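Undergrad: Before anything else, here's the structure in question.
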Amino acid sequence: MPELPEVEVSRLGITPWLVNETITRVIVRDSRLRWPVPLELSQAEGLPIKAVVRRAKYLLIDIGIANIVLHLGMSGKLRIVDAATPTVKHDHIDIVLGSGKCLRYNDPRRFGACLWQPLGTTLKQLTNLGPEPLTDEFDGERLHMLSRGRKTPVKSFIMDNDTVVGVGNIYANEALFMAGIHPKRSAGNISRERYKHLALDIKAVLTKAIEQGGTTLKDFAQTDGNPGYFKQHLRVYGRTGLPCERCETPIKSMVIGQRNTFFCSVCQR
DNA sequence: AACATAACCTGGTGGC
DNA sequence: TGCCACCAGGTTATGT
């Protein structure tokens, strides 16, 4: 479900319901996520939420003594519901609020995570992350510098969290189309000038997707239950065989790094 | 270090 | 209708 835009849309959706609310109870129905859900979570009970922050695809719920760290994996979803709302399959965690609402975490595949990060510490999952794509720390200069001597396909390179965080399969495909770069081209074989364009296109596609409420493929929903509307803007992802919007050539697909990859063999070189 | 590959898990889809 | 193979938005662990 979530790349950076979908996580950011989730953050924007839940934040107004959480900030300044007190956590009255934490209910863990199934702790078998990517890592076992920590018992320390119960220490959150009675504490007010100060902020909800995103780093890469992680959401950090700041409760002063610690951050509750959430990751949605491939299929995780967050909803704000009345605490009394009956649960459905895969509703693994509730964070119940003084308002009577609750933040409900649902994740069929259980690739997601809920972690506990005490104040002043940093989880290993949050160390060694590259820069946020929508900050000035990330630019074409960085892509060019880090890619020198690298043979890995440029698509794998930009999806690597050491390079830049938050670029998943959908938006990697889209940004490479926008930049006119073939996804399989060796990262080290791309000029500084082309990387400048690519960095700007990554920023542009992520920004646009956030504005559109993310991309709903099958089951992503904003926290109000509405779908994201970026799907209608996808130019290559999932469009195998359909005409390229720029040159009419059928979009091709191939597997790169275990991920399905979509591109126009004429527009992308 | 760099790179490739398997693995984690469930559900939806399409073919027969 | 049923069965089965295959695919999916991410990340980590392991092997060369």
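The values are calculated or read from the model by the stated rules, or taken from the named source; none is laboratory data. The model shown is predicted, which means the values in this text are computed figures rather than measured ones. Cβ coordinates were reconstructed from backbone atoms using ideal geometry, including for glycine residues, and neighbour counts include every protein chain displayed. Side chains are part of the model used for accessible areas, which takes the heavy atoms of the whole protein and leaves out ligands, DNA and RNA. Shrake-Rupley method; radii C 1.70, N 1.55, O 1.52, S 1.80 Å.
Undergrad: Restricting attention to the stretch A:1-27, which residues are within 16 Å of DNA strand B (Cβ to nearest atom) and of a type in the set (A, V, I, L, M, F, W, C)?
TA: Within the stretch A:1-27, A:Met1 is the sole residue that qualifies.
Undergrad: Taking the stretch A:226-264 on its own, how many of its residues are within 16 Å of DNA strand B (Cβ to nearest atom) and assigned to a loop (DSSP other than H, G, I, E, B)? Break it down into steps so the answer makes sense when it comes.
TA: Start the filter on the stretch A:226-264 by keeping residues that are within 16 Å of DNA strand B (Cβ to nearest atom), which leaves A:227, A:231, A:238-242, A:253-261.
Then keep just the ones that are assigned to a loop (DSSP other than H, G, I, E, B); that gives A:227, A:238-242, A:257-258.
Counting residues in the stretch A:226-264 that are within 16 Å of DNA strand B (Cβ to nearest atom) and assigned to a loop (DSSP other than H, G, I, E, B) gives 8.
Undergrad: Using the structure shown, decide if A:Leu33 is aliphatic (A, V, I, L, M), within 16 Å of DNA strand B (Cβ to nearest atom), at pLDDT 95 or above and more than 16 Å from the chain's Cα centre (by Cα).
TA: Values: aliphatic (A, V, I, L, M): yes; within 16 Å of DNA strand B (Cβ to nearest atom): yes; at pLDDT 95 or above: yes; more than 16 Å from the chain's Cα centre (by Cα): yes.
Yes, satisfied.
Undergrad: Among the residues of the stretch A:198-244, count how many are open to solvent by less than 20 Å² (accessible area, probe 1.4 Å) and in contact with a Pro (Cβ under 6 Å, 6 or more places away or on another chain).
TA: Initial filter on the stretch A:198-244 (open to solvent by less than 20 Å² (accessible area, probe 1.4 Å)): A:198-199, A:202, A:205-206, A:209, A:213-215, A:220, A:223, A:228, A:230, A:234, A:236, A:244.
Restricting the remaining residues to those that are in contact with a Pro (Cβ under 6 Å, 6 or more places away or on another chain) gives A:202, A:206, A:209, A:214.
Adding up the residues that qualify gives 4.
Undergrad: How many residues does the stretch A:59-75 contain that are within 15 Å of DNA strand C (Cβ to nearest atom) and either open to solvent by 30 Å² or more (accessible area, probe 1.4 Å) or assigned by TED's automatic domain parsing to the domain that holds A:Ala221 (or both)?
TA: Pass one, the stretch A:59-75, residues within 15 Å of DNA strand C (Cβ to nearest atom): A:59-60, A:69-75.
So of that shortlist, the ones also either open to solvent by 30 Å² or more (accessible area, probe 1.4 Å) or assigned by TED's automatic domain parsing to the domain that holds A:Ala221 (or both) come out as A:71, A:74.
The qualifying residues number 2.
Undergrad: Six or more apart or on different chains, Cβ under 7 Å: which pairs go from a residue in the stretch A:6-32 that's surrounded by 17 or more Cβ atoms within 10 Å (Cβ to Cβ) to one that's modelled with pLDDT under 95 and acidic (Asp, Glu)? Could you list them?
TA: As it stands, the answer is A:Gly13/A:Asp224, since those pairs meet every condition given.
Undergrad: Can you find a residue that is basic (Lys, Arg) and not in a helix (DSSP H, G or I) anywhere in the stretch A:78-97?
TA: To start, the set of residues in the stretch A:78-97 that are basic (Lys, Arg) comprises A:79, A:89.
Imposing the further condition that a residue be not in a helix (DSSP H, G or I) reduces the set to A:79, A:89.
Looking through the stretch A:78-97, at least one residue is basic (Lys, Arg) and not in a helix (DSSP H, G or I).
Undergrad: Please go through the stretch A:135-151 and pick out each residue that is crowded, with 16+ Cβ neighbours inside 10 Å and either at pLDDT below 95 or within 11 Å of DNA strand B (Cβ to nearest atom) (or both). Spell out how you get there, then give the answer.
TA: If we filter the stretch A:135-151 for residues that are crowded, with 16+ Cβ neighbours inside 10 Å, which is where we start, we get A:138-140, A:142-144, A:146-147, A:150.
The answer is A:Leu146, A:Ser147, A:Arg150.
Undergrad: Also: Please enumerate the residues belonging to the stretch A:169-197 that are open to solvent by 20 Å² or more (accessible area, probe 1.4 Å) and among the hydroxyl-bearing types (Ser, Thr, Tyr).
TA: Residues satisfying the conditions are A:Ser186, A:Ser191.
Undergrad: So, one more: Working only within the stretch A:76-134, note down all residues that are over 16 Å from A:Ile63 (Cβ atoms), aliphatic (A, V, I, L, M), surrounded by 13 or more Cβ atoms within 10 Å (Cβ to Cβ) and without any contact (Cβ under 8 Å) to a residue 60 or more places away in the chain.
TA: Residues satisfying the conditions are A:Val81, A:Ala83.
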